[in-house]
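A.B. asks: Got a structure for you, written out below as structure tokens; questions coming shortly.
The values are calculated or read from the model by the stated rules, or taken from the named source; none is laboratory data. Source: prediction; values computed, not measured. Heads up, the Cβs are rebuilt from the backbone with ideal geometry, glycines too, and the neighbour counts pull from every protein chain shown.
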Amino acid sequence: MKEKKKEIEEGKITGFFDKETEIKGDLQFKGTFRLDGKFKGKVDSESVLIIGDSGKVEADVKIGHIIVNGEIKGNIHASDKVEVNSNGRVIGTIITPKLIVEEGAYLEANCQTTDKLSLETGMKKTSVPSVLPEENQEDESKT
């Protein structure tokens with residue numbers, strides 16, 4: 001049974017909003033869902049979401065796997081993977097174990113990759129050193 005479920009998710013689209021469609025609300029689905037229209041609200045699924053070239057999404061997204069060819073603004077929590085293709089635009093926050101960004105993609109986001117994803121917790125602030133440790137050693141030797 002698990003093989004058939006995976007085949008449905010990866011092999012064919014089980015839901016679709018065309019480019020002339022505008023929807024506001026909460027979206028839940030199983031399988032692969034494609035958005036080519038405008039969507040504003042909340043997405044909650046363990047499956048695959050594809051944002052098509054003409055898709056514009058403003059949402060908090062909790063998803064298994066998301067593929068971005070259009071535009072998304074909001075928070076993305078993916079339990080499997082986030083793919084931003086060359087035409088894709090992401091503005092917001094990304095939390096996922098795997099992040100793939102193609103050359104040419106637009107990414108204005110806080111990103112956190114982790115092997116253990118808790119969708120209940122938000123992003124933790126971390127500090128990034130302004131210089132590499134090797135540079136610090138050189139600076140200290142000069143003084």
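A.B. asks: Starting from the stretch 78-105, keep only residues that are farther than 19 Å from D60 by Cβ, then list their pairs with residues that are at pLDDT 95 or above and polar (S, T, N, Q) whose Cβ atoms are within a distance under 7 Å, requiring at least 6 positions of separation or different chains.
C.D. replies: Once the first residue is farther than 19 Å from D60 by Cβ and sits in the stretch 78-105, its partners that are at pLDDT 95 or above and polar (S, T, N, Q) give N85/N69; N87/N69; E102/N85; E102/S86; E103/S86; G104/S86; A105/N85; A105/S86.
A.B. asks: Separate question: Can you pull out the residues in the stretch 13-40 that are surrounded by fewer than 16 Cβ atoms within 10 Å (Cβ to Cβ) and among the hydroxyl-bearing types (S, T, Y)?
C.D. replies: T14, T21
A.B. asks: Within the stretch 75-117, which residues are of a type in the set (S, T, Y) and crowded, with 19+ Cβ neighbours inside 10 Å?
C.D. replies: The one that is of a type in the set (S, T, Y) and crowded, with 19+ Cβ neighbours inside 10 Å: T96.
A.B. asks: Checking V131 against (1) surrounded by fewer than 17 Cβ atoms within 10 Å (Cβ to Cβ); (2) modelled with pLDDT of 95 or more; (3) not aromatic (F, W, Y): exactly one of these is not met. Which one?
C.D. replies: (2)
A.B. asks: Something else about it: Considering only the stretch 19-75, how many residues are in contact (Cβ under 8 Å) with a residue 24 or more places away in the chain, part of a loop (DSSP other than H, G, I, E, B) and either polar (S, T, N, Q) or over 27 Å from G104 (Cβ atoms) (or both)?
C.D. replies: Adding up the residues that qualify gives 3.
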